[in-house]
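Asks: Mind having a look at this structure? Questions to follow.
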Amino acid sequence: MLLKLCNVDVHYGRAAALHQINLAIAPGSIVAIVGANGAGKTTILRAISGLKKITTGEIWFQDTRIDHLPPHRIVGLGIAHIPEGRMVFTPMTVEDNLRAGAFLQRDESQVARALESMYAHFPILKDKRKQLAGNLSGGQQQMVAVARALMARPQLVLMDEPSVGLAPKLVAEVGRMIHEINQRGISVILVEQNARMALKLAHYAYVLQVGAIILEGEARQIAEDERVKKAYLGE
């Protein structure tokens, strides 16, 4: 497996946010984590990327245990995190935002090649590369956030609510972006309130409720589960 969480607990003060989370991501896969607000989905991503220390358990990326590592070391190993709300650097230009994603790279020629690859993939960003990121539309800022993450040349991308606040047409575009990222051979963990989109894109899925996994399996099978249909798909 590319990534494994083994019996992970997380607390905020005395309050338990995650309880005995066991989760695995195969290389080249898209894994969806669905659940209600407050279920602990974002906490799982923050634990993986080193932004939230776990209480007990272990997190492994390939052959390296990472739950004790600082975030920049985890990025260096090949994990990129796209947080909820995109979190682009609004006072900076589009190009400077992308360069920030490559902050661990010292070879300027590699950075330049990565930039050209991102501009080929997202032509609108090349057109707007000198504009301030804060002046872009929500959909364009999401492109910046995705491209910035890919500048780190990750093997795994953590995506937290990438469609939040976007118009339906742009939600479909985000779905295409996620599919294209995966087609590059990059694994994706997708946390998404839009469970219908998430389960359609994913190969495997986990359903989280009050900090615990209550259901897991192939995404298509999860989408057919009557409990999931009723709670998350509006059926």
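What follows is calculated from the coordinates using simple rules that are stated; it is not laboratory data. Keep in mind it's a predicted model, so treat the numbers as computed, not measured. Cβ coordinates were reconstructed from backbone atoms using ideal geometry, including for glycine residues, and neighbour counts include every protein chain displayed.
Asks: Are there any trypsin sites (Lys or Arg not before Pro) in region 5-74 that are in a DSSP loop and have at most 16 other Cβ atoms within 10 Å? List them by number.
Replies: Within region 5-74, the qualifying trypsin sites (Lys or Arg not before Pro) (loop, at most 16 other Cβ atoms within 10 Å) are 14, 53.
Asks: Cut-off under 19 Å on the C-alpha distance; same-chain residues fewer than 8 positions from residue 230 excluded. Which aspartates and glutamates are left, in chain and number order?
Replies: The reachable aspartates and glutamates, counting only those whose Cα sits under 19 Å from residue 230, are 192, 216, 218.
Asks: How high is the relative contact order of the chain? Use alpha-carbon pairs under 8 Å, at least six apart in sequence, and give a whole percent.
Replies: 27
Asks: Given the chain, what percent of its DSSP beta bridges are antiparallel, to the nearest 5? Numbers along the way, then the final one.
Replies: Details: 21 of 39 bridges.
Percentage antiparallel, nearest 5: 55.
Asks: Could you check which residue among 82, 33, 124 shows the biggest mean-square fluctuation in a GNM of the chain with a 10 Å Cα cutoff?
Replies: 124
Asks: Sequence neighbours fewer than 8 away in the same chain don't count; with that in mind, list the lysines whose C-alpha is under 28 Å from residue 53.
Replies: In chain and number order, the partners are 4, 41.
Asks: Could you work out Rg/(2.2 N^0.38 Å) for the chain, with Rg from alpha carbons only? Kindly include the intermediate steps, with their values, before the conclusion.
Replies: Details: Rg = 17.4 Å, N = 235, 2.2 N^0.38 = 17.5 Å.
For the chain, the normalised Cα radius of gyration is 0.99.
Asks: Per the Kirkwood treatment, what hydrodynamic radius in Å, one decimal, follows for region 1-82 from the mean inverse distance over all distinct Cα pairs?
Replies: Details: mean 1/r = 0.0773 Å⁻¹.
By the Kirkwood definition, the hydrodynamic radius is 12.9 Å.
Asks: Also: Out of all DSSP beta bridges in region 68-201, what portion is antiparallel? Express it as a percent rounded to 5.
Replies: Approximately 10 percent, going by the DSSP bridge assignments.
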